[in-house]
1. Using the structure shown, decide if Ile91 is crowded, with 18+ Cβ neighbours inside 10 Å, out of contact with any Phe, Trp or Tyr (no Cβ under 8 Å at 6 or more places or on another chain) and modelled with pLDDT under 90.
2. Mind checking which residues of the range 40-72 are assigned to a loop (DSSP other than H, G, I, E, B) and either within 20 Å of Gly94 (Cα to Cα) or among the polar types (S, T, N, Q) (or both)?
3. Going by the conditions given, is Phe148 of a type in the set (Phe, Trp, Tyr) and touching a Lys or Arg at 6+ places or on another chain (Cβ under 7 Å)?
4. Exactly one of (1) modelled with pLDDT of 95 or more; (2) surrounded by fewer than 19 Cβ atoms within 10 Å (Cβ to Cβ) is unmet by Leu126. Its number?
5. Given the conditions (1) closer than 22 Å to Asn178 by Cα; (2) surrounded by 18 or more Cβ atoms within 10 Å (Cβ to Cβ), which single one is not true for Pro112?
6. Please name all residue pairs, on different chains or six or more residues apart, with Cβ atoms under 8 Å, provided the first residue is in the range 91-108 and is without any contact (Cβ under 8 Å) to a residue 40 or more places away in the chain and the second residue is in a helix (DSSP H, G or I) and among the acidic types (Asp, Glu).
7. Select, from Phe98, Phe87, the only residue that is within 19 Å of Pro32 (Cα to Cα), part of a helix (DSSP H, G or I), touching a strand residue (DSSP E or B) at 6+ places or on another chain (Cβ under 8 Å) and not aliphatic (A, V, I, L, M).
8. Residues of the range 151-190 being charged (D, E, K, R) and within 17 Å of Arg99 (Cβ to Cβ), which ones?
Amino acid sequence: MSVFLILTLAMYFPSVTISIDMIPTDNASLTPMVAGYVVRDSQVLLGLRKQSSWDLGKNLVSGIGGKVGDLPGLEHETLDEALVREFKEEIGAGPVSFRKTSEVIFLFLAKPKWNQKVAVYLVEALDAEPQETDAIKPEWYNVNELPFAQMWDDAKYYLPQVLAGQKVSATFAYGPDNRTVVSRNVRAHE
């Protein structure tokens, strides 16, 4: 089924269920990205995104991260290297103990440039205290009181599982407003 037809269905017939399997995906069209969540005791570090190269997530609260290999000289950057670089750029502190736990695909039917494949990490320790930068205002939240109203719509469907230590594979499709999930597939793994 074409993306145009799916968008039309989502826009004019919101009661129609759009299966994630209906949406054409191509890994080559997914921007590789990383996102990290620092967990200390019952707190998680999230960041209010103040600026973004694509306005992607601007003014939303999310994990710390960004694009992999998006700068000259970083064409062969690994996921782990990108995580460390993004943390240092965005909050002035690098992760020193971390592990990749999940993989999430985000499809923006009305804005395919935003389509991405995100490696999600849990971070156990930083080399410094997080600082506010031009890009991010970091803030600690109780893991049981996440600010979902200020986050991407998908967060409520998978982030609590990730923060509880579960491995998750998920795909989310956003509708015409680029804010609302119209289809999802979330699988937790042991």
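1. no
2. Once the filter is applied, which keeps residues that are assigned to a loop (DSSP other than H, G, I, E, B) and either within 20 Å of Gly94 (Cα to Cα) or among the polar types (S, T, N, Q) (or both), the range 40-72 yields Asp41, Ser42, Lys50, Gln51, Ser52, Ser53, Asn59, Gly63, Val68, Gly69, Asp70, Leu71.
3. Against the criterion (of a type in the set (Phe, Trp, Tyr) and touching a Lys or Arg at 6+ places or on another chain (Cβ under 7 Å)), Phe148 qualifies.
4. Against the list (1) modelled with pLDDT of 95 or more; (2) surrounded by fewer than 19 Cβ atoms within 10 Å (Cβ to Cβ), Leu126 comes up short only on (2).
5. Here Pro112 meets the rest and fails (2).
6. What qualifies is Lys100/Asp80.
7. Phe87
8. Within the range 151-190, Lys167, Glu190 qualify.
The values are calculated or read from the model by the stated rules, or taken from the named source; none is laboratory data. Source: prediction; values computed, not measured. In this analysis, Cβ positions are derived from the backbone assuming ideal geometry, glycine residues included, and neighbour counts consider all displayed protein chains.
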